[in-house]
Amino acid sequence: MTQIETQPKSLYYAIALNVWEYFSYYGMRALLVLYLTQKLLFTDNHAYALYGAYTALVYVTPIIGGAIADRYLGYYWATFLGAATMVAGHLVLGLDGGGLYFGLALIICGYGLFKTNVSCLLGATYSREHTKRDSGFALMYVGGNIGSFISPILCAWAAQTWGWHYGFLLAAIGMAIGLVIFMTGRKHFVAGNDPQWRALKEKGLLSIKVLPITVLLIALAAVFFSFALYYLFAGWILLACVIVSLYFLFFLFIKLDGKDKRSLLAICFFMIFGLIFWAFDQQGGSSISLFIERNVIRDFNGFTIPAAAFQSINPFAILIGGVIMSYVWYWLIKAGVRLSALFKITFGLLFLTFGFFMIMMGAKIAATTDGHASMMWVVVGMAVIGFAELFVDPVALSEITRLNPGGSVGFLAGLYMLITGSIANYAAAEIATLTSVETVKTAGDFLVKSASNYYNVFGAITKVSAIACIVLIIISLVMYFVRKQKI
């Protein structure tokens, strides 16, 4: 009789940690641009630039954090230190003082140590043949989206009720809860997680050799990223990362055979369209957020919904859409229908186009009336954009692991995250600056002018996304007929 495998207990601690990490990150992110423009009185351009630099650097550091975990700390201690550093970062943001840049820098450092290593930590507790490995990672992803759904609502409520810094403090409390739960499950994270740093292995994290050096290195990195945020030279850091990555990509390409070269070109193709998708999708935390704050009627039954709370629409759409699509994929496979990755990504861009079309229409109504529009345009648009995400990242990453040209799946997955994470977020901030509004005479003029700017930019995004979608449809049809001719 075959024994039914069960999920390791480590999974439940990893899920709890992931829920609270998403809670803290997305709760703070929902507040950031609004806090910069309303509390600190940053101009739109300055707020977008800082937001873009922060979100870009957040996606660069996991590459470094993964290497540090592999060579020195091990996955457990890297995850622990990453979570603890993020708690510190959110606490600094929660202090009503001048800790903005250092707080964001600490979160960047913590995110780098945490993000990839928590997945590696969980993966090490499964055997290679474990039948429930994939479902375990799926559960952790779902748990994360639950956290990102709840946090914008609660953090926005705290910020609106008591003040901005209480919203950031709530994010810190959430991350701290996750860290405490994670620490109680340490005994379940043993296999494959031994640190390579001899002093850490022999005497533990609190030894006189380990703790001061670790804290000093994190502090120095945080100071560096503070300067990168303050002086806004994150773009140069990204440029250096891209140059190095392209160097390795070129030498990978020339050593591959014909079949693997075609696979690598296909992956590069996914990266290009992934960059387009995410540069538009990431408007949610910047330009769309300010559009909601300024031009959307947010009153519901006598209560004004905080603008940051609208950030919960995206993860809610992913949660509901994920359940729906799991059944759709199941029935399609059962019916013998297998959609290509290219076709699925085309659907993603199609939904993205429709989502921005809805938001654009809301902006058009605001621009041609009194500067205000119904929240339903934004709710529907953001929900459709969230649903579109299900057709892009999971599909592209799955194809990268399936094609695996030259056995370089780790490098290519990291490059995909660099392009669709860091570069796309940086590009998103540049796009958002096009919606900036100069000083005008009256509040009414300001609202109409801002709505007009949002309409122009969201309209341009809709058009470019539609063109990209048409290009993908043409390529899909050409590839279909080429395959048919070969048969």
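The values are calculated or read from the model by the stated rules, or taken from the named source; none is laboratory data. The structure presented is a predicted model; accordingly, all values stated were derived computationally and were not measured. Backbone-built Cβ (ideal geometry, glycine too); neighbour counts: all protein chains shown.
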Check your understanding: Does Ala84 satisfy the condition of being part of a helix (DSSP H, G or I), farther than 24 Å from Leu319 by Cα, touching a helix residue (DSSP H, G or I) at 6+ places or on another chain (Cβ under 8 Å) and not basic (Lys, Arg)?
Key -> yes
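Matching residues to (1) on the phi > 0 side of the Ramachandran plot; (2) in contact with a helix residue (DSSP H, G or I) (Cβ under 8 Å, 6 or more places away or on another chain); (3) of a type in the set (S, T, N, Q); (4) modelled with pLDDT of 95 or more:
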position	(1), (2), (3), (4)
Ile318	no, yes, no, no
Tyr330	no, no, no, no
Gly336	yes, no, no, no
Leu352	no, yes, no, yes
Met361	no, yes, no, yes
**Study point:** The listed residue being modelled with pLDDT of 90 or more, among the hydrophobic types (A, V, I, L, M, F, W, C) and under 20 Å from the mean Cα position of the chain (by Cα), out of Leu232, Leu220, Leu238
**Key:** Leu238
Exercise for review: Look at segment 40-71 and say how many of its residues are assigned to a helix (DSSP H, G or I) and without any contact (Cβ under 8 Å) to a residue 12 or more places away in the chain.
Suggested key: 2
Exercise for review: Using the structure shown, decide if Thr79 is under 20 Å from Ala16 (Cβ atoms) and assigned to a helix (DSSP H, G or I).
Suggested key: yes
Review point. Could you say which residue among Ser226, Ser289, Ser263 is of a type in the set (Ser, Thr, Tyr) and under 21 Å from Ala432 (Cβ atoms)?
Key: Ser289
Point to revise | Given (1) within 19 Å of the chain's Cα centre (by Cα); (2) farther than 30 Å from Ser245 by Cα, number of the condition Val395 does not satisfy | key: (2)
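For every residue, the table says whether it meets (1) in contact with a helix residue (DSSP H, G or I) (Cβ under 6 Å, 6 or more places away or on another chain); (2) part of a helix (DSSP H, G or I); (3) surrounded by fewer than 23 Cβ atoms within 10 Å (Cβ to Cβ).
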{"position": "Phe310", "(1), (2), (3)": "yes, yes, no"}
{"position": "Ile313", "(1), (2), (3)": "yes, yes, yes"}
{"position": "Gly321", "(1), (2), (3)": "yes, yes, yes"}
{"position": "Ser326", "(1), (2), (3)": "no, yes, yes"}
Study note, to complete from the structure: Sole miss for Asn404 among (1) in contact with a Phe, Trp or Tyr (Cβ under 6 Å, 6 or more places away or on another chain); (2) on the phi > 0 side of the Ramachandran plot is condition (1)
Exercise for review: Output the residues belonging to segment 348-366 that are more than 20 Å from Ile470 (Cβ to Cβ) and out of contact with any strand residue (DSSP E or B) (no Cβ under 9 Å at 6 or more places or on another chain).
Suggested key: Ile359
Exercise for review: Inspect segment 294-307 for any residue being crowded, with 18+ Cβ neighbours inside 10 Å, under 19 Å from the mean Cα position of the chain (by Cα) and at pLDDT below 95 and give the result as yes or no.
Suggested key: no
Practice item. Can you work out which of the residues in segment 158-194 that are surrounded by 17 or more Cβ atoms within 10 Å (Cβ to Cβ) and modelled with pLDDT under 90 is farthest from Ser24 (Cα to Cα)? Key: Asn193
Check your understanding: When you look at Asp134, is it within 16 Å of Leu169 (Cβ to Cβ) and either modelled with pLDDT under 75 or not β-branched (Val, Ile, Thr) (or both), yes or no?
Key -> no
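Here is a yes/no grid of residues against (1) under 21 Å from the mean Cα position of the chain (by Cα); (2) charged (D, E, K, R); (3) under 20 Å from Phe227 (Cα atoms):
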| site | (1), (2), (3) |
| --- | --- |
| Thr55 | yes, no, yes |
| Pro62 | yes, no, yes |
| Ile68 | no, no, no |
| Arg71 | no, yes, no |
Check your understanding: Which of (1) in contact with a Leu (Cβ under 9 Å, 6 or more places away or on another chain); (2) surrounded by 20 or more Cβ atoms within 10 Å (Cβ to Cβ); (3) within 19 Å of Thr369 (Cβ to Cβ) is the odd one out, the single condition Thr420 does not satisfy?
Key -> (3)
Point to revise | Matching residues in segment 380-400 - criterion: being under 30 Å from Leu265 (Cα atoms), aliphatic (A, V, I, L, M) and surrounded by fewer than 22 Cβ atoms within 10 Å (Cβ to Cβ) | key: Leu390, Val395, Leu397
Exercise for review: Quick one: Pro8 ticks every box in (1) more than 18 Å from Met183 (Cα to Cα); (2) outside any helix (DSSP H, G or I) except a single one, so which number is it?
Suggested key: (1)
Check your understanding: Does Thr37 satisfy the condition of being in a loop (DSSP other than H, G, I, E, B) and either in contact (Cβ under 8 Å) with a residue 24 or more places away in the chain or farther than 23 Å from Asn425 by Cα (or both)?
Key -> no
Review point. Restricting attention to segment 360-379, which residues are surrounded by 20 or more Cβ atoms within 10 Å (Cβ to Cβ) and part of a helix (DSSP H, G or I)?
Key: Met360, Gly362, Ala363, Ala366, Ala367, Trp377, Val378
Practice item. Output the residue which, of all residues in segment 328-351 that are farther than 30 Å from Gly27 by Cβ and in contact with a Cys (Cβ under 8 Å, 6 or more places away or on another chain), is surrounded by the fewest Cβ atoms within 10 Å (Cβ to Cβ). Key: Leu350
